[in-house]
Amino acid sequence: MSIRLLPPTLVNQIAAGEVVERPASAVKELVENSLDAGATRIEVVLVEGGQALISVTDDGSGMGPDELALAVERHATSKLPDDDLVHVRHLGFRGEALPSIGSVARLTLTSRARGAAEGWSLSVEGGAKGRPVPAAISAGTRVEVRDLFYATPARLKFLKAARTELSHAIDTLERLAMAHPAVGFFLSDGSRALVKLAAEKAGDLAQARLNRLAAIIGRDFHDNAVPIDIERDGVRLTGWAGLPTYSRGSSGHQYLFVNGRPVRDRLVVGAVRGAYQDVMSHDRHPVVALFLELSPDAVDVNVHPAKAEVRFREAGAVRGLIVSGLRHALAGAGHRAATVSHGGAGWRPGHIGAGWRPGGGGGNPASFAQAVRAQAPLGTGLAESLPGLDMPPSAPVAEYCPQPPEQAYPLGAARAQLHDTYIVAETADGLVIVDQHAAHERLVLERLRAGLAEGGVKRQVLLLPEVVELGEAAAARVAEAAPALAELGLVVDSFGPGAVVVREVPALLGACDVQALVADLAGDLAEWGEALKLKERMVDICATIACHGSVRAGRRLSVQEMNALLRQMEQTPLSGQCNHGRPTHVALGLADIEKLFGRR
């Protein structure tokens, strides 16, 4: 069989297979062209999910008749003026979209350049290009794609139902809209409007982006996200991270934008999972929107025909920046928990976090912490037996800051304990319900991590060492991990076949069930596998130890112990959720309570 050159029409159809996978792909390419043309308003119409008609109209710079003819030629573009593929600053720069679409559909371009007296139109049908003719249109461009894939019927079999294709197109448009809040985006199916996003007028780009994200993801995101702004080695990361308790069942609500380009990158998914690993359940996924800004020569946007993926020159540095930025933002959230439940349904609790700050510091964190530490002495007794809590020391009354009512603290004053499990606290504008085990679990975990960072966790020697029967394989795994466990205050040794002996435990655990703790650790070690690097799983080990060292549901607490728990929560990072990602508390404002009773 002899080698031959393929005809141009077939070449374009092959290119279309790479660039135009479905109607949403065509929408992406056409809208990107509109953005590159400086449009401030983009209208999209999709009929039958885009198979029958895709229409994209913008108010951009427009084109004259000569440019129209060039626009449908392969690899013709205005976006690489210096022929430099390293410093790419536009979204659509490959010059493949229009000729590829025209080779598999009936394509019509109608455009009028700004300041021109008249508009022009050009048609391409199955790869056959017509000639520009005069047409009536205001300044800007309208692209109509009819009968997508009519010239390649085999491709039609791979299209999904019209509703499914429409949902993909909406997702594509919304991702572009997130990156360009100053542009208005509108989409309809020919009979009703499905997307209506007016241009954001906020002068501050960060606020405009947040407003746009809230309009697309939901207003709940506005109330349950913390800002990110970090820069390192010429790479800047901004955006918002959803609170751990504001999560979803899939990773579909994780958005990444690189220099204004929406991309999907497995590196980022892994970085996000790593940043949330000790504050979220493994079957939940955070909601994040991350905007990376870096030099164009530090990222390759030309590795995928549809420009859906990028390659970073320093991928490790980018991943580290994302993990650091997310963890720093989440730590800054303090004790905040989401204002909605995991599923986003049911009643909507509020969150306590703003408002009055004790100590007269006008919201200053240092004065707030000082005022909390200077709280009236709680005395001794039962409160001191609660492991992992620092009780405020006794001190003369003259040394105290002026004391407001206890309920003025962010988490209020303990008023009751329900079912020996939940603490009910009164706040200045409502009430807070705290899960005592979940809250204390987080406090113990943060203490363990702090001790580990300082070089070791304080231990207490058991009066009678405890022997734990595990089985030979499990006992061998625990004995092998003994050096790492010792750093966390748990000292174990081999004790004959299938058993280990525990000689010391972390001091902050108090009286814990040593048998159950070691058995759970043995199970964790078996699940992680033989190739485990314990240093990489220290957070998981800390979480298991913290769970067993926490005050259990079913234990009755004194008022002093309950208030001590609340004060510690206010000073502990990430105390809004336990080690498994569940909320530690929910809040009801007076307005919420009045609604429940029909008073408003």
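The values are calculated or read from the model by the stated rules, or taken from the named source; none is laboratory data. Because the structure is a prediction, the values reported are computed rather than measured. Cβ: placed from backbone, ideal geometry, glycine included. Neighbour counts: every protein chain shown.
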Pairs where the first residue, in region 121-134, is over 12 Å from L70 (Cα atoms) and the second is surrounded by 20 or more Cβ atoms within 10 Å (Cβ to Cβ) and among the aromatic types (F, W, Y), C-beta under 9 Å, 6+ apart = V133/W120; P134/W120
ask   = When L166 is evaluated against the numbered criteria (1) surrounded by 21 or more Cβ atoms within 10 Å (Cβ to Cβ); (2) under 23 Å from the mean Cα position of the chain (by Cα), which criterion, by number, is the only one it fails?
value = (2)
ask   = Yes or no: R552 modelled with pLDDT under 75 and charged (D, E, K, R)?
value = yes
task = Please go through region 254-276 and pick out each residue that is under 15 Å from L213 (Cβ atoms) and free of Cβ contacts under 8 Å to residues at least 40 places away in the same chain.
result = Q254, L256
inquiry  = Regarding region 108-116, can at least one residue be identified that is under 28 Å from A162 (Cβ atoms), without any contact (Cβ under 8 Å) to a residue 60 or more places away in the chain, hydrophobic (A, V, I, L, M, F, W, C) and touching a Phe, Trp or Tyr at 6+ places or on another chain (Cβ under 9 Å)?
reply    = yes
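Please work out if R155 is basic (K, R), assigned by TED's automatic domain parsing to the domain that holds S34 and crowded, with 19+ Cβ neighbours inside 10 Å.
The answer is no for R155.
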key: region 166-182 residues that are over 18 Å from G49 (Cβ atoms), paired with ones that are surrounded by fewer than 19 Cβ atoms within 10 Å (Cβ to Cβ) (beta carbon under 6 Å, 6 or more apart)   = A179/G260; P181/A208; A182/A199
task = Would you confirm whether any residue within region 371-387 is surrounded by fewer than 18 Cβ atoms within 10 Å (Cβ to Cβ), assigned by TED's automatic domain parsing to the domain that holds A587 and either modelled with pLDDT of 50 or more or of a type in the set (K, R) (or both)?
result = no
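Residues that are buried (at least 19 other Cβ atoms within 10 Å of the Cβ), under 30 Å from the mean Cα position of the chain (by Cα) and not basic (K, R), at least 2 per element: which helices (runs of 4 or more DSSP H) completely within region 422-522 meet that? Step through it out loud before you land on a result.
Values: elements: 436-453, 472-480, 482-487.
By residue number, 436-453.
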key: region 116-152, residues that are among the β-branched types (V, I, T) and either under 37 Å from the mean Cα position of the chain (by Cα) or not assigned by TED's automatic domain parsing to the domain that holds A193 (or both)   = T141, V143, V145
inquiry  = Report every pair of residues separated by at least 6 positions or lying on different chains whose Cβ atoms are under 6 Å apart, first residue within region 411-432 and farther than 16 Å from A564 by Cα, second not small (G, A, S).
reply    = D420/R556; A428/Q407; D429/L590; G430/L588; G430/L590; L431/L588
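So that you can scan it fast, the table gives a plain yes or no per residue for (1) modelled with pLDDT of 95 or more; (2) under 27 Å from P296 (Cα atoms); (3) surrounded by fewer than 20 Cβ atoms within 10 Å (Cβ to Cβ); (4) not assigned by TED's automatic domain parsing to the domain that holds A177:
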residue: L210; (1), (2), (3), (4): no, yes, no, yes
residue: A214; (1), (2), (3), (4): no, no, yes, yes
residue: V226; (1), (2), (3), (4): no, no, yes, yes
residue: L243; (1), (2), (3), (4): no, no, no, yes
residue: G249; (1), (2), (3), (4): no, no, yes, yes
residue: G252; (1), (2), (3), (4): no, yes, yes, yes
